[in-house]
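Peer 1: Below are the structure tokens for one structure; questions will follow.
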Amino acid sequence: MGENRKIILPRLVTSNLLHDQQLHGHGSVSEVSSIVDENLGKRPLNVHKATFVYRVFASTWNVGGIAPSDDLDLEDWLDTRANTCDIYVLGFQEIVPLNARNVLGPTKSCISAKWNSLIGEALNKKERKEGAKLNQESSNSSAFEGSIQGEGFRCIRSKQMVGLFTSVWVRSNLRPFIHHLDVSCIGSGIMGCLGNKGSVSIRFVLHETSFCFVCCHLASGGKEGDVLLRNLDVADILARTWFPGRATQELPEKILDHDQVVLLGDLNYRISLEGAETRSLVKAKNWAILLENDQLLSEFSRGRHFEGWQEGLITFSPTYKYHPNSDQYYWCFDGARGEKKRAPAWCDRILWRGKGLKQVQYETCNYRLSDHRPVRAIFHAECDVSEEVQK
């Protein structure tokens, strides 16, 4: 018998996105390599590589220490009527007032539990209605439970640190493919370590792709030099955040080691213009000149602290500082003075980095609970899956 020869058949790449019922992904790109050993006459071994594309909803909201009412409807914020997203990552700041009692005392977990309850109610409202209808028609309680478990959303991890709160929700039938869930909290506030400022990060691996979501609240202030404090906060969070590895599997331990990263929060970067000029430009809706003087975009251009990061095009109004329960900025009201006369700014931002992550939507949402507007983004996230199939 002659020398063993292997014939590698050309890869078949399908460009159309295939809907996968089991994984509930919104598409996949498949590659198949067939290796045939002619001399041994073995059945071909197919190495199947698939890339599933999921829709990820990420949002940040500084709620100004205001507890939500029992009837607060979050459907518009989460855009649940569209029912197009597979993963929701929600980052809050100031879910409790940042006073000494809350910063130094025990965590008020009842507030984060209330937010999670409202989120779950909004995400699963449609499924619960359909399940209740199915239950009524079939008189079978298991049908109702099955509808929630199959198509509904479940919280896979949430974490509160003083006023910071991060909550991650996924479709129930996606949960079996998520592993290595971990949390890391970094306090960078008072004395450089307390949790009135800092970050709460949640990471996981979906199929073979690692994700890290970082919810931040950076140093505040509009004085000269405050931007340097925010830069130091970012550097501190990136340096100190650490996730445990595993002896049996190589896992990323630092934020930037993950395949896909989203950083969101009240980053507190301001506009480097005099307050009166900023207010005049906001009144004229001259976003172009304001953005030319946006501190975060200036840091992007310098490339020192945000190398490799991206942000979508900002087309919405500055997200801070509004009068609560109003569409007007604080400075528009008679008698506004001091801090309340603070010039508007795009304090609330969403940044991302990583191969296979693409932002397709970036906007604000008109919820008037606090002096900040929530900002939300939708991403297409590619996840790799490999398997060997013996035909």
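The values are calculated or read from the model by the stated rules, or taken from the named source; none is laboratory data. What you are looking at is a predicted structure, and each value in this text was computed from that prediction instead of being measured. Because the Cβ atoms are built from the backbone with ideal geometry, glycine has one as well, and the counts that use them run over all protein chains shown. Note: accessible area is taken over every heavy atom of the protein model, side chains too, but ligands, DNA and RNA are not part of it. Shrake-Rupley method; radii C 1.70, N 1.55, O 1.52, S 1.80 Å.
Peer 1: Return the total of residues in the range 158-181 being closer than 28 Å to residue 62 by Cβ and surrounded by fewer than 17 Cβ atoms within 10 Å (Cβ to Cβ).
Peer 2: Qualifying residue count, the range 158-181: 1.
Peer 1: Where residues in the range 219-250 are out of contact with any strand residue (DSSP E or B) (no Cβ under 7 Å at 6 or more places or on another chain), among the hydrophobic types (A, V, I, L, M, F, W, C) and not in a helix (DSSP H, G or I), which of them is modelled with the highest pLDDT?
Peer 2: 219
Peer 1: Same structure again: What are the residues in the range 213-228 that are surrounded by fewer than 23 Cβ atoms within 10 Å (Cβ to Cβ) and more than 16 Å from residue 163 (Cβ to Cβ), if any?
Peer 2: 221, 222, 223, 224, 225, 226, 227, 228
Peer 1: For a quick check of your reading of the model, give me the residue pairs whose first member lies in the range 282-307 and is farther than 12 Å from residue 227 by Cβ, whose second is charged (D, E, K, R), with beta-carbon atoms closer than 6 Å and at least 6 apart or on different chains.
Peer 2: Correct list of pairs: 306/299.
Peer 1: Within the range 155-175, count every residue that is under 18 Å from residue 186 (Cβ atoms), touching a His at 6+ places or on another chain (Cβ under 8 Å) and of a type in the set (D, E, K, R).
Peer 2: Qualifying residue count, the range 155-175: 0.
Peer 1: Moving to a separate point now. Count, please, the residues in the range 251-264 that happen to be part of a loop (DSSP other than H, G, I, E, B) and aliphatic (A, V, I, L, M).
Peer 2: Looking only at that region, the number is 1.
Peer 1: Starting from the range 179-202, keep only residues that are more than 16 Å from residue 214 (Cβ to Cβ), then list their pairs with residues that are among the β-branched types (Val, Ile, Thr) and surrounded by 21 or more Cβ atoms within 10 Å (Cβ to Cβ) whose Cβ atoms are within a distance under 6 Å, requiring at least 6 positions of separation or different chains.
Peer 2: Close Cβ pairs (under 6 Å, with a partner that is among the β-branched types (Val, Ile, Thr) and surrounded by 21 or more Cβ atoms within 10 Å (Cβ to Cβ)) amount to 196/162.
Peer 1: I'm checking my understanding of the structure. Among residues of the range 301-332 that are open to solvent by 50 Å² or more (accessible area, probe 1.4 Å) and under 17 Å from residue 374 (Cβ atoms), which one is modelled with the highest pLDDT?
Peer 2: Once the filter is applied, the top-ranked residue is 315.
Peer 1: Identify the residue in the range 229-287 that is among the basic types (Lys, Arg) and touching a helix residue (DSSP H, G or I) at 6+ places or on another chain (Cβ under 6 Å) and, among all such residues, is most open to solvent (accessible area, probe 1.4 Å).
Peer 2: Only one residue fits best here, namely 279.
Peer 1: Now a separate question. Listed residues 385, 360; which is surrounded by 15 or more Cβ atoms within 10 Å (Cβ to Cβ) and closer than 30 Å to residue 209 by Cα?
Peer 2: Result of the check over 385, 360: 385.
Peer 1: Would you kindly identify the helices (runs of 4 or more DSSP H) lying entirely within the range 57-123 that contain at least 1 residues that are within 19 Å of the chain's Cα centre (by Cα)?
Peer 2: Counting at least 1 such residues, we get 75-78, 109-123.
Peer 1: Please give the helices (runs of 4 or more DSSP H) falling wholly within the range 273-317 in which 2 or more residues are more than 26 Å from residue 332 (Cα to Cα), of a type in the set (Gly, Ala, Ser) and more than 21 Å from the chain's Cα centre (by Cα).
Peer 2: It comes to 295-302.
Peer 1: Keeping to the range 342-366, report how many residues are modelled with pLDDT of 95 or more, over 20 Å from residue 84 (Cβ atoms) and either polar (S, T, N, Q) or not in a strand (DSSP E or B) (or both).
Peer 2: 5
Peer 1: If a residue must be surrounded by fewer than 20 Cβ atoms within 10 Å (Cβ to Cβ), of a type outside the set (A, V, I, L, M) and modelled with pLDDT of 95 or more, how many such residues does the range 100-127 contain?
Peer 2: Looking only at that region, the number is 6.
Peer 1: Would you say residue 46 is in a loop (DSSP other than H, G, I, E, B), over 24 Å from residue 126 (Cβ atoms) and either at pLDDT 90 or above or of a type in the set (S, T, N, Q) (or both)?
Peer 2: For residue 46, the condition - in a loop (DSSP other than H, G, I, E, B), over 24 Å from residue 126 (Cβ atoms) and either at pLDDT 90 or above or of a type in the set (S, T, N, Q) (or both) - is not met.
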